[in-house]
Structures are given as C-alpha cells and as structure tokens.
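Take a look at the structure below.
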Amino acid sequence: MIDRPDRGLRSEHDGVPGLQRCDRLLILVLCLGLTVTYGFAAYRYYSSANGLFDSSGHPFGRDFVVYWTAATLTLSGQTIQIFDTAAFHALQEQMLERSIPLHPWPYPPHTLFYVLPLGLLPYLWSYAFWSIATLALYLSAAVGRHWAKLNTVALVLAPATAVNFVIGQNGYLSAALLVGGMRLIDSRPVLAGILFGLLSFKPQLGLLIPVALVAARLWRTFISATLTVMLLVLLSLAIFGPEAWEIYLAKTSADQKTFLETGGGLFLNMMPTPFTAMRVLGADISLGYLVQAVFALCIIPCVYWVFRARADRRLQAAALIVAVFLVTPYAFNYDMTILSVAVLWTLGHAVKTGFMPGEKLLYAMVWILPVTVMAANYRGLPLAPLVLVAFFAVLLARIRGWAAKPAACRSAPINA
C-alpha cells in the first residue's frame, strides 16, 4: 500500500519486505562484511593513536574539534573569536596544546545553541556523546519506533554513517532534521516546520524546502519554519550580540567562499557537487559557477513539479534530498547521510512496484557514493553528479508512473 499524503511517511511502510530470499542473503553477507571491514579499519586507526590524536595529527573525530572548541569558548565568553578563522585556529591549538591542521567554524551564530552542551565535557567524552546522541536522533527520524528492522542495520552500517562518525561531523543531526521534517510534514505540520527551521544551521541543505512547501501549499509548515529561523536569529542576536553576525556575514562567509574556490586535497575530494566536478576537471571558477547555475535552473522546477504531483510522499522526499546535492555548490560526503534514507525509501517503493533495468545497480552506486566520491575525485574522475542525476531521473520516472507497475506509483493529491 502506498502512503497517502495525510498519513505522512509512516515507518511501517519504510521496510523492504518484498525482497527475494537471495537479495536478503546478499544484504546479510554485505552487512557482515561491512562490520568486519569497519572493525579492522577502527583497529588500525586507533592502534596508531597518540593520546587524543591520530597518526595524521588530527584529534579523534577530526572536525569535531570545531564544535568542542566553539562550545568551550562560548561558555568562557569568547564567542566573537569563533568567527575569525585565524583567531579560532590559534585558540584551538592553545586549548589542545599542540599544532593541528586548520579547522574553521563555517556556521551561522545560532548554531552555537546546538553545540553548547559539548563544552561541559572533556574532549573524548564530548565526542562520544555527540556521536551517539545525534546518531540516535537520526535513526529515530529515519525508522521511527521500528528499530528492529533491516533498515536500521542498513543505516547503521551505511558508508555515509561511517564517514560521518570518523570525521565527527553533523551529518546525523542535519539528516534527523530534514528526514524528521519530511516524515511529519502531513501529520504534524507545525512540528515539521520547526525541524526545517532548525536545519537553518546548514542553510545549503534547506535551499529547496521553501520550493517544496510552496508547491505543496503546505503553508502551516512554511510559516512555522520561517518563524523558527527568525526566532533563532533574534535569540542569537540577543545573547551573542550583533557583532557575531557582522563578522560571520563579512568574514566567515568570505572564508567559506575562498575554501570553496581554492580548497584542495581532502576538502575537494569530499565534495560531490557539479561545481566541484568542474574544479576537479581543471575548469575556470566562473565556468564552474555557470555549470552549477544550469543544474540549479533545471532541478528547481523539477522539485516544484514533484511536490505538485500525485505521488508517494517518500518519493517526493527522496527527490528533494537528491536535488539538494545538485543545486548547492557546497556539500560534502558526510552530508550524504540523508541519501542513505532516500535510497531505502526508493528501494521500498521499487520492491512493491517492480525494478526498472539497472535500478539495483544504481542504488548500490548511490549507497557507496560517500566513499567512492573521494576516490573518484582524487583520480580526476568526478562522477558523483552523474550518479546523482541518474538517481534523480529514476525518482522522476517513478513519480511520473513509468515503473514496472505504473498504477501502483500513483497516490492521492498532495492537498488531500
């Protein structure tokens, strides 16, 4: 049965009970293989540790040092220095008592509300709390109360999950907010809007949410999200002062743009966007922006059409998730945690309606994309946008009703 819009994205429909026995066996073998692989990699990684630091000189959790030091500095009344990249880096090294690679703070001031408790704990305890708490939020948003499902195991072992844990990033949190908002968008529209508003700490991931809400005429959610963002901004102005926002808009944002256009090494290899693909190919920056703009101009109308169509809400949500990585020039492989959910939602639909040629292979390619994008970009083969475009095209085909059983792909209108 296809979810009707007035019921939202219910967890009991998110599984894939129609998989054949051989498929389930293959999935089990893959899960066991991933478990062994992750265990071996963790042993190699942590056995070479030197106190809080790995063999490359990064503290464990790598990027997590950004959140911990920002929270600690905020609690000690040094908020303004967080938004000055050079000053923030110097304070990080002072707190850790050694030199470390550059880890800037790229987030708007109200993000400090999200990380503030992390400054109350020592570094490793704080890292463990952050990882476990945000992972729990992510799984709760993705599978609801049905934890004892194959989907839960799949999400825990997904490459995007491993990448996010090792890097200590916020992919679990951003996925929890976006996926949770999409799940509640029909049943609890105001709460869904609050979750979307909270996602404003990573505005690039929420670019298409207003398009979707306007197309679906979900005005309560739209207003709720808008008011949430306004409240967060006002609270940050009142608590941290206007200077934090002034520095963020004038300096931090400029540093982000510089990193986007000139950053290399791991930074460049982790990005799956069309703009990054052009950089990997050696194109001029202006050409990169032009290509990114063409992608955006093609994708945004499609997202609007998707949320105006009579379609399974899971497919609409999956299409929005994939479109994010084609519209924004600034996204990383750890952000692809939400892509894992999109794959499972689409796979569940495909099991019930039939697979199109090559569809299973495509899902596998998207599933491992958070890892393969690094290898492909490193070798000068930026294939991630092509994989994402193919996935988006499959979603459009399913929403349009071109799957093996077209009648099963249709549902009631969005505004039931």
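Tabulated results
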read-out: Total charge dipole magnitude, the stretch 242-374, about the Cα centre, Cβ charges on Lys, Arg, Asp, Glu only, Debye to nearest 20; value: 600 debye
read-out: Partner lysines for LYS352 [C-alpha distance under 27 Å; skip if fewer than 8 residues away on the same chain]; value: LYS149, LYS360, LYS405
read-out: Lys/Arg +1, Asp/Glu -1 at C-beta; the chain dipole; positive extreme among SER253, SER200, THR353; value: THR353
read-out: Distance in nm between pseudo-label sites at LEU32 and LEU297 (7 Å out along the Cβ direction from Cα); value: 5.3 nm
read-out: Using a Förster distance of 22 Å, the FRET efficiency for ALA90-LYS251 (Cβ separation, nearest 0.05); value: 0.90
read-out: Residues of type lysines that LYS202 reaches as a straight line, Cα spacing below 19 Å, ignoring anything fewer than 8 places off in the same chain; value: LYS251, LYS257
read-out: Whole-percent carbon and sulfur share, accessible surface of the chain, 1.4 Å; value: 69 percent
read-out: Exposure rank, largest accessible area first [TYR46, TYR330, TYR127; 1.4 Å]; value: TYR46, TYR330, TYR127
read-out: Where the chain is the region considered: accessible area per residue in Å², 1.4 Å probe; value: 43 Å²
read-out: THR226/MET356 FRET efficiency (R0 41 Å; Cβ-Cβ; nearest 0.05); value: 0.60
read-out: J(HN,Hα) series, the stretch 161-171, from Karplus relation 6.51 cos²θ - 1.76 cosθ + 1.60, nearest Hz, glycine and proline x; value: 5, 5, 4, 5, 5, 4, 7, x, 8, 9, x
read-out: Most to least accessible of PHE295, PHE307 (protein chains only, probe 1.4 Å); value: PHE295, PHE307
read-out: In degrees, nearest ten, helix 384-400 long axis to first principal axis of the chain (Cα); value: 40 degrees
read-out: Unit Cα scatterers, Debye sum, the stretch 208-251: log10 I(q)/I(0) for q = 0.22, 0.23, 0.25 Å⁻¹; value: -0.73, -0.75, -0.79
read-out: Within-14-Å neighbourhood charge of ILE285 [Cβ basis; K, R +1; D, E -1]; value: 0
read-out: The chain: angle of helix 85-96 to the longest principal axis, Cα-based, in degrees nearest 10; value: 80 degrees
read-out: Computed accessible area, SER224, all protein chains, 1.4 angstrom probe, square angstrom; value: 10 Å²
read-out: Cα-centred dipole magnitude for the chain, charges only on beta-carbon of K, R (+1) and D, E (-1), debye, nearest 20; value: 1680 debye
read-out: Value of [θ]222 nm, deg cm²/dmol, for the chain, DSSP H segments ≥ 4, -39500 (n - 2.57) each, nearest 500; value: -20000 deg cm²/dmol
read-out: Long-range Cα-Cα pairs in the stretch 270-349 (distance over 16 Å), rounded percent; value: 55 percent
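The values are calculated or read from the model by the stated rules, or taken from the named source; none is laboratory data. In this text the structure is predicted, and so the values were computed from the model without any measurement. Reconstructed Cβ throughout: ideal geometry from the backbone, glycine too, with neighbour counts over all protein chains shown. Remember, those area values only see protein heavy atoms, side chains included, never the ligands or the DNA or RNA. Shrake-Rupley method; radii C 1.70, N 1.55, O 1.52, S 1.80 Å.
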